[in-house]
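Taking it in order: structure first as structure tokens, then the write-up.
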Amino acid sequence: MAIPGSKHQRVVERATEVFCRYGFARTTMGDIAERCEISRPALYLLFPDKEAIFTAVVERMDQDKLASIRAEVAHLKDLRGKLLHACLLWGCHGIDLAATHPDAADLFDLQYPVVQQVYRNFQGLVVELISERFGTARLKMSTEQAARALVFSMRGLRETAADKRDMQNLITSLVDIFVRAIER
């Protein structure tokens, strides 16, 4: 993780732009160094390889997104509102980016361990949101299993959504079904 105000943080901020535009596969250490206005050897003194920079970029994006979601759902009262808002913010994240820069899809590719952690982190947030109500549900699964099913269902929706509006409609339907299952 980058230290605020440090060279590491500056590299992470600028590498975010490069990875968002070109994805992991097409980005080189030279691209990142050029964007950071430092030499490649100087970049290697800060990060051992491209994977380490990619990990730092995705971790920072995840932390920022989760903090934003937590802040926005804090004022909402009902489970549906909180869950819908969280799922829309998280589930639609990147659709516009991927439409503009198709290579940015690497930022959401589960082949990368850091992306797997992003999914676990959001799953943990969903557990926090549903745990109080889930205790009274008659579902034959744990809170964690239900959260995982919701999170990865959204991934499937992303694969089939025609555009952001379609994704929003699909997530709304999914959350409505999910909340009704918990509250019955």
Accessible area per residue of segment 97-184 at 1.4 Å probe, in Å²? 57
With springs only between Cα atoms under 10 Å, which of C36, C20, C87 fluctuates most in a Gaussian network model of the chain? C36
Rounded to a whole %, the carbon-and-sulfur portion of the accessible area of segment 20-69 at a 1.4 Å probe is 52
Using the Kirkwood formula over every pair of different C-alpha atoms, what hydrodynamic radius in Å results for the chain? 17.7
May I ask you to derive the relative contact order of the chain, considering only C-alpha pairs under 8 Å and at least 6 residues apart, and to give it as an integer percent? 23
Solvent-accessible area, 1.4 Å probe, carbon plus sulfur percent, for segment 136-184: 49
To make sure I understand the rule: partners must be lysines, Cα under 25 Å from the Cα of K82, and not fewer than 8 residues away in the same chain. Which ones qualify? K65, K140, K164
Skip the ligands, DNA and RNA, and give the accessible area per residue of segment 1-56 with a 1.4 Å probe, whole Å². 57
Return the equivalent ellipsoid semi-axes of segment 12-117 as a descending list in whole Å, where each equals the square root of 5 times an eigenvalue of the C-alpha gyration tensor. 30, 14, 11
Once label points are set 7 Å from the Cα along Cα→Cβ at both A162 and S39, what is their separation, rounded to one decimal in nm? 5.5
So how much accessible area does S131 have, in Å² to the nearest 10, using a 1.4 Å probe? 60
Packing-wise, with mean Cβ within 10 Å as the measure, how do 98-104, 10-16 rank, highest first? 10-16, 98-104
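Within 10 Å, count the other beta carbons around each residue, average over each peptide in 53-62, 155-164, and list them highest first.
For the peptides 53-62, 155-164, the packing ranking is 53-62, 155-164.
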Could you rank F152, F24 by how accessible they are, 1.4 Å probe, largest area first? F152, F24
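The values are calculated or read from the model by the stated rules, or taken from the named source; none is laboratory data. No experiment lies behind these values; they were computed from the predicted model shown. We place every Cβ from the backbone using ideal geometry, glycine too, and count neighbours over all the protein chains shown. Side chains included, ligands, DNA and RNA excluded: accessible areas come from the protein's heavy atoms. Shrake-Rupley method; radii C 1.70, N 1.55, O 1.52, S 1.80 Å.
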